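All remarks here apply to the structure that follows.
Every read-out reported here was derived from the displayed coordinates using simple, explicitly stated rules and does not represent laboratory data. This one's a predicted model, so the numbers in the text were calculated from it and none came from an experiment. Backbone-built Cβ (ideal geometry, glycine too); neighbour counts: all protein chains shown.
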Amino acid sequence: MHSFVLGLIQMQFNNSRSLEDKQRNLKRALTMIETAYKSGVDLVCLPEFFSVGSWISMGKPMKLVEPFNGPTNAALLKAAENYQIHICGGSFPTIQENKIFNMGAFITPKGIAGSYVRAYDRPEYYTLGSTFPIFKTEFAKIGVIICGDIFVPEISRGYSQKGVEIILNPTMNAVMYYDRFMAAARSRAYENLSFVAQIDPIGVHPAWGEMVGGSTIFSPEGLILEQAPIHKELVLTTKIDPNLEVMKVNWNTGHQFYRVALQSIISKLKFMEIDC
């Protein structure tokens, strides 16, 4: 890993019922991406369902679903090209092979590198995925997990075993779940010696209540590196420094050692039942 500047877009979005609502959310996201660019970011990340908000609770209007190579990702790609930055495009309801996915794009100045799909929970609303790409940028190996996927330790552990250094977690986190998301992200960072960034929006979820922001970047020790205030729309920026001292050693040189050591322990684990 090399030092780079990460930006988390803590945006206020509306729950979309129409294409006009969706376009307003996209326009707001693009404005904040421009702000992030002016702040000197190398990588910026949007929240889950940033363009549609609580699409599920709004009745899942099909007119808001679009192909992966549709207008939303085209607009994000143009921004990445214009600003010469990387964009983790949160997610939006995406149709592919006649199925709807909770899907996002990882975009570089050279083009769309690939997609990622939510894998856990809500199968009644969209098709769940099971493939987790690793985006090998010039500054870090990056993995993306959408919202509740942070509660599945095996996903982050799998990323760690493949050498992923930072995990991005775009969410639509509401107040009633906020502490659980924070605890899960902190745990995924500490147990895998990885940076974890959780991107939370501002708005209202009809079923879960208020979404207040509080986006957070955790260090590989599970400590808060940077945290956005609640109820405030902003781009949270921080320098991800591989020379950070973790567990009294330089993380950049110790990461591989700890990753291999952890895998060695896991591979030898045995469990047995004892009748008492």
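Segment N82..F68, full-extension length gain: 3.0 nm, with 0.36 nm per residue of separation and the alpha-carbon distance subtracted.
Between K141 and A207, the modelled labels are 3.6 nm apart [label points 7 Å from Cα along Cα→Cβ]. Running a GNM on the chain with Cα contacts under 10 Å, which residue among S39, S115, S264 ends up with the highest mean-square fluctuation? Result for the chain, Cα springs under 10 Å: S264 fluctuates most. Counted residue by residue at 0.36 nm each, then reduced by the alpha carbon distance between them, the extension gain from V260 to D275 reaches 1.9 nm. The charge dipole of the chain, taken about its Cα centre with unit charges on the Cβ atoms of Lys, Arg (+1), Asp and Glu (-1) only, comes to about 400 debye.
Globularity index of the stretch 4-267 is 0.94 (Cα radius of gyration / 2.2 N^0.38 Å, N = number of residues). Based on C-alpha pairs under 8 angstrom that are at least 6 apart in sequence, the chain has a relative contact order of 19 percent. Along the Cα-to-C-beta direction of S57, a point sits 7 Å from the Cα; which residues of the stretch 204-232 have their amide N less than 18 Å from that point? Answer for the stretch 204-232: 204-214, 231-232.
Computed from label points 7 Å out along Cα-Cβ, the spacing between T238 and T31 is 2.7 nm.
Taking a sphere under 11 Å around the Cβ of T216 and counting the other residues whose Cβ falls inside, with K and R at +1 and D and E at -1, yields a net charge of -1.
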